[in-house]
Amino acid sequence: MRILQNITQNMWRNLATATATVRKRSKSWNLNCHVEIIDARVIAHVYVPYSRYDIEEVSPTPMSSLTDSAFAAIDLITQQDPMLWSVVARSLWISVWATVIASVLGIGFGAWLAVTRFYGRGVLLTVLNTLLALPSVVVGLVVYLLLSRSGPLGYLGWLFSLKAMVLAQSVLVFPVVAALTRQCVEDADRLHGEQLQSLGAGTGLRSLLLVWDERYVFLTIAITAFGRAISEVGAVMVVGGNIEGFTRVMTTAIALETSKGDLPLALALGLVLLAVVLCLNILVALVRSWRLRVDGSSSDPLQKAWV
């Protein structure tokens, strides 16, 4: 019991964080612990066979919970907390695969839709633009029904797995990639489409050439898709179940740890999430500057597309 008492005495000043930490540590030691906050004090009632111990911590002068949580979050990051970085690695793995799948399918579909004219195209564009605001929980529900045992894809056994989470995020990100690609390629087709047609390029070849001409723009589209995927919480919560050590990702962990009062871990995950997005945007900026230096601002992009 002295170990648990030392933990409560050296706890963060944030009362909610102290409560969550006592509960977590007592659970890992198979102790029945009831924690309550009374008059700015964290009181832990620990029950063991034939005994009961009451451990009390009198909190010092409270500081800003944001400041305390920020320092604790930085400690978790710098000390390479294994639980933190396992959640980060799992989130990146799922979001990268979802972005790759959605980008390949979305760019192809969007480019084809931009240069093709057919009956009902306006209705399809309306539906595609509507799907941009598709709620993530609805995507999660649809994918859940598809992958459930009674669903058409139930034989795959993907429910509550990483594959189901990749599928849900791919479905969620696909409309974003397709709609942005369609608009980008259609704008380029207005400028160079007639010239490409006069040179004998068909619909498929014209769409490929225009995509290659605007290839650096698709880096921004991919970043947008990745940001949409990695910040999603509703769909992956439904189809993944937020299982610790298996399907828990950064967004679901942030929601869970915040509700439990473990603010430092939630804030650490949020800082890592922002750092990932910042690094990706810096990478895109570097690629754009490299393109300007190599290609030059006065070169003809249509001629380079044919080359």
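Each residue, residue 119 and residue 274, gets one label point 7 Å from its Cα in the Cβ direction; the gap between the two is 5.4 nm. Cα centroid separation, the stretch 222-280 to the stretch 131-161: 20 Å.
For the stretch 170-286, what's the relative contact order in percent, using C-alpha pairs closer than 8 Å and at least 6 residues apart?
Contact order relative to length: 22 percent.
On the accessible surface of the stretch 158-300, probed at 1.4 Å, how many percent belong to carbon and sulfur atoms? Here carbon and sulfur together make up 67 percent of the probe-accessible area. On a per residue basis, the stretch 180-247 carries 46 Å² of accessible surface, using protein heavy atoms and a 1.4 Å probe.
For the stretch 181-261, the Cβ-based charge dipole about the Cα centre amounts to some 200 debye (Lys, Arg positive; Asp, Glu negative; other atoms uncharged).
The values are calculated or read from the model by the stated rules, or taken from the named source; none is laboratory data. Values in this document were obtained by computation on a predicted structure and should not be read as measured data. Here the Cβ is made from the backbone with ideal geometry for all residues, glycine too, and neighbour counts use every protein chain on show. Ligands, DNA and RNA are stripped out before the accessible areas are found, and what is left, the full protein with its side chains, is counted by its heavy atoms. Shrake-Rupley method; radii C 1.70, N 1.55, O 1.52, S 1.80 Å.
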